[in-house]
Amino acid sequence: METPVASNSSLGQLADADVENAAAPTRYGSMPMAAVLTGLLMATTTALKNPWRMRGAYPNRPGMPAVQAVAASCGVAPPLMTPKWVWATAWRSSKRVIPLCHRWDPVAPADTCVNLLVVWLKALSGNRRDGLADGGISYAFLPSVTRWIVSPVLAWLYPRLHHQNIAMRSAFLERAVAAELSTSEPTALVTLGAGFDGRSLRFATKHRPCVELDLPQVIEQKRGLVARATRRLPQLVEPAASITYLGANLSDVTEARAALKTAMTHIGRADTVVVICEALLIYLPTHSATELLRSAVEEAQAAGARHVSVCFADALPGVKGVARADAEAFLSSVGLVLDAATWTPKPGLARHMGVARAGSS
Ligand SMILES: C[S@@+](CC[C@H](N)C(=O)[O-])C[C@H]1O[C@@H](n2cnc3c(N)ncnc32)[C@H](O)[C@@H]1O
C-alpha cells in the first residue's frame with residue numbers, strides 16, 4: 001500500500017497523523033527507559049498503517065524514482081531504507097527532544113510548521129561527512145549548551161533518516177540556486193517561507209540583496225538566531241547586512257502580494273531574481289499557494305527583472321502525483337515554464353523539485 005500523500009499538510013502533521021492514535025507515555029521520570037522506549041515503539045507501530053513497509057520504496061506510485069537515484073542526482077548519500085515505524089519513532093522522539101533543547105534559550109524559537117526541527121536536522125547534516133556542508137550556519141543558530149547533541153563529534157551516530165531526506169532537497173536547491181544566479185547580473189534572492197534556513201547567509205553579498213519572508217513571529221525569532229550566528233561566525237556579518245526580513249502571512253493573498261511588492265523595493269534593480277520555495281507551499285491552501293507564486297513572478301517583473309527563476313523543493317499546489325506534465329501545466333498557469341531537465345520528484349511531502357522560469361526569461 002502507498003503512503004497517503006497529504007497535500008496542504010505538514011511534515012509534522014503527516015508524521016503525527018501516522019501515529020495520531022499513539023498513547024504517548026506521560027510520566028517518564030518514574031518509568032525505566034526501556035519501558036518508555038518499548039511503549040513508544042508499540043504505540044507507533046500499532047498506530048501506523050503498514051508500519052513495516054519500507055519507506056523510500058514506492059513501487060505503486062507512478063513516476064516516483066527510487067530514493068537512491070534521487071539522492072545520487074542531488075549528490076548526497078541516500079536515506080536508509082528502513083520500515084516506516086523507524087522513521088515515525090525518530091520523528092516523534094525528535095519533536096519531543098527539540099523543545100527541551102531550547103528550554104533556556106533566550107531567543108526562544110518556536111517550532112512553527114517544524115521549522116525548528118528542520119534547522120536541527122540541517123545542522124546535523126552539515127556536521128556529517130555524508131551530509132550537506134552549510135558552512136556551519138545551521139549549527140551556529142543553535143543554543144550553546146544543547147547543540148552538542150548534533151556536534152561533529154556525535155553527528156555520525158545518527159542513522160541517515162530525516163536529516164538525509166532534507167539534505168536531498170537542500171542539495172538540489174543549493175545547486176539550482178547557484179546555477180540560476182549565474183544567469184545575468186545584478187542578481188537577487190527572495191526566499192518564501194524561509195523559516196530558520198541559512199541559505200541567504202551563504203548567497204547574500206553587497207551586490208546581491210536577499211529578502212526572506214515568513215510569518216511575523218518567525219521573522220522575529222530568525223533575527224535572534226542570525227544575531228547569535230553572526231557572533232559565532234563573524235564572516236557572516238557582511239552577508240547578514242544584505243538580507244531583509246519581512247513578516248507576512250503568505251496564506252493571505254493580498255498580504256502576500258503587498259509583502260512581495262515591498263520585497264522588490266528592497267532588492268532594487270536586479271536583472272535576475274531567484275525565488276526559493278522550500279517546504280512552504282505544503283502549508284498553504286491551494287489558492288493561496290498558487291497566487292503566491294503568480295505574485296512573486298509578476299512583482300519581480302514589475303520591478304524590472306528580466307529573468308525570474310523559481311527554484312522549488314515543495315509540493316506544487318493541486319499537483320497530486322509526480323507527473324511532469326501536471327507540474328508543467330500548473331507552472332504555466334502562473335506564468336512559469338518548467339526546465340524539464342531539472343524536474344526531480346522525490347519521496348516525502350516536499351515531493352516536487354525543479355526550476356521554472358518566467359515565460360520571457
Ligand atoms: C518546514 S518549514 C521550512 C522552512 C525553510 N524553508 C526550510 O526549508 O528550512 C515551513 C515554513 O513555512 C512557514 N509558513 C507556513 N505557513 C506560512 C504562512 N501562512 N505565511 C508565511 N510563512 C508560513 C513557517 O513559518 C515555516 O518557517
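Points to keep in mind about this one:
- L281 vs. criteria at pLDDT below 95, among the aliphatic types (A, V, I, L, M) and touching a helix residue (DSSP H, G or I) at 6+ places or on another chain (Cβ under 6 Å): no
- The residues in the range 264-310 that are polar (S, T, N, Q), in a helix (DSSP H, G or I) and away from the ligand (no atom under 16 Å from the Cβ) can be counted, and the count is 2.
- Residue satisfying all of: in the range 230-259; away from the ligand (no atom under 14 Å from the Cβ) and in contact (Cβ under 8 Å) with a residue 40 or more places away in the chain; nearest to H287 (Cα to Cα) among these: I243
- Residue within the range 156-166 that is surrounded by fewer than 24 Cβ atoms within 10 Å (Cβ to Cβ), within 15 Å of the ligand (Cβ to nearest atom), under 21 Å from the mean Cα position of the chain (by Cα) and assigned to a loop (DSSP other than H, G, I, E, B) present: no
- Look at (1) within 16 Å of the ligand (Cβ to nearest atom); (2) modelled with pLDDT under 95; (3) not in a loop (DSSP other than H, G, I, E, B) and you find that S93 fails only one, number (1).
- Restricting the range 190-220 to residues that are of a type in the set (D, E) and part of a strand (DSSP E or B), the residue that is nearest to the ligand (Cβ to nearest atom): D214
- Qualifying residue in the range 336-345 (condition: in contact with an Asp or Glu (Cβ under 8 Å, 6 or more places away or on another chain), touching a residue at least 40 places away in the same chain (Cβ under 8 Å) and either crowded, with 24+ Cβ neighbours inside 10 Å or of a type in the set (A, V, I, L, M) (or both)): no
- One residue from W87, W120, W91 being without any contact (Cβ under 8 Å) to a residue 60 or more places away in the chain and among the aromatic types (F, W, Y): W120
- Scanning the range 260-283 for residues that are in contact (Cβ under 8 Å) with a residue 60 or more places away in the chain and surrounded by fewer than 16 Cβ atoms within 10 Å (Cβ to Cβ) gives G268, R269, D271.
- Condition met for L121 (within 11 Å of the ligand (Cβ to nearest atom), in a helix (DSSP H, G or I) and not β-branched (V, I, T)): yes
- Annotation note: Cβ proximity below 8 Å between a residue of the range 284-299 that is on the phi < 0 side of the Ramachandran plot and a residue that is away from the ligand (no atom under 13 Å from the Cβ) and modelled with pLDDT under 95 (sequence gap 6+ or interchain) occurs for T286/S7.
- Pairs meeting the criteria (first residue in the range 160-184 and of a type in the set (K, R), second residue in a loop (DSSP other than H, G, I, E, B), beta carbons under 6 Å, at least 6 apart or on different chains) are R160/P79; R160/L80; R169/A350.
- The listed residue being away from the ligand (no atom under 11 Å from the Cβ) and assigned to a helix (DSSP H, G or I), out of R147, R128, R103: R147
- Any hit, the range 324-344, residues being under 21 Å from the mean Cα position of the chain (by Cα), assigned to a strand (DSSP E or B) and at pLDDT 95 or above: yes
The values are calculated or read from the model by the stated rules, or taken from the named source; none is laboratory data. Remember, predicted model here, so these are calculated numbers, not experimental data. Cβ: placed from backbone, ideal geometry, glycine included. Neighbour counts: every protein chain shown.
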